[in-house]
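Each remark here refers to the structure printed beneath this line.
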Amino acid sequence: MGYNVYSQSPYLTDYFSFNLGDMGIGYNNSTDNEIRNFEFNLSLANLFFQYPDIGGGLGKSRVGIKMSPFNFRVLFDDNFNFSFFNIDIFTNFLPFPDDDRLWYFNLGPFSSINWLLFEEKQIKPESYIFNTGLRFSLLAPGSIFYRGNVIDFDIGYRRIKNTNNIYFTIKFDFVFLFNLFLPLVIRNSA
């Protein structure tokens, strides 16, 4: 799954990876003003930096950073926004498989911020979305640089539009969805 990218250095793949993007749905429950809403979330061109063997020999990367230049979010009872500065810091407490061809899981805390929100036809530098919580991911074996987060489950705290929220999201990798639904489309069109 993913795209084959050739590198002369095998160590470069220990640090950097990317995916085409992900999309998902979520639910927000505000503790401030009884607002509850569903959301649709889409991010494109996610870049990952992972520092290998951090924490005194714990194995492969335990700490990472995800950057996305574009995030689109629709809150179904409110409005939509785009954000142009999106960064996640995440950790993993689970062991990695010794074989890079195996599927594996991530579980650990994360924090993220979405900033430079474009909403109501203007960029609002004072607006931001802050998330922190627990993330569980299923990752697929990929090619050299492709990071296939097949599915991510996030649960935690979200600060959005000056309100405190408890939230849950589930996100799917584009390549995974494409590989999942393409055989169905081909079979039904034949």
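Taken together, the values in this text are just the output of simple stated rules run on the coordinates, not laboratory data. From a predicted model like this one, the values you see are computed outputs, not experimental measurements. Virtual Cβ from ideal backbone geometry, glycine too; neighbours counted across all protein chains shown.
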ask   = How large is ³J(HN,Hα) for each residue in region 106-112, as worked out from phi by the Karplus curve 6.51 cos²θ - 1.76 cosθ + 1.60 (θ = phi - 60°), to whole Hz, x for Gly and Pro?
value = 10, 8, x, x, 8, 9, 8
query = How high is the FRET efficiency between Ile89 and Tyr157 when r is their beta carbon distance and R₀ equals 25 Å, given to the nearest 0.05?
reply = 0.95
request  = Please list the non-local residues whose amide H lies under 5 Å from the amide H of Leu94, H modeled 1.01 Å from N, same-chain partners needing a gap of 5 or more.
outcome  = Leu107
ask   = Where does each of 151-158, 29-36, 103-110 land if you order them by average Cβ count within 10 Å, highest first?
value = 151-158, 103-110, 29-36
remark   = Karplus ³J(HN,Hα) for region 15-23 (6.51 cos²θ - 1.76 cosθ + 1.60, θ = phi - 60°; Hz, whole; x = Gly/Pro) runs 9, 10, 7, 8, 9, 5, x, 8, 9
query = So what are the three principal axis dimensions of region 69-141 from its Cα atoms, in whole Å, longest to shortest?
reply = 49, 23, 18
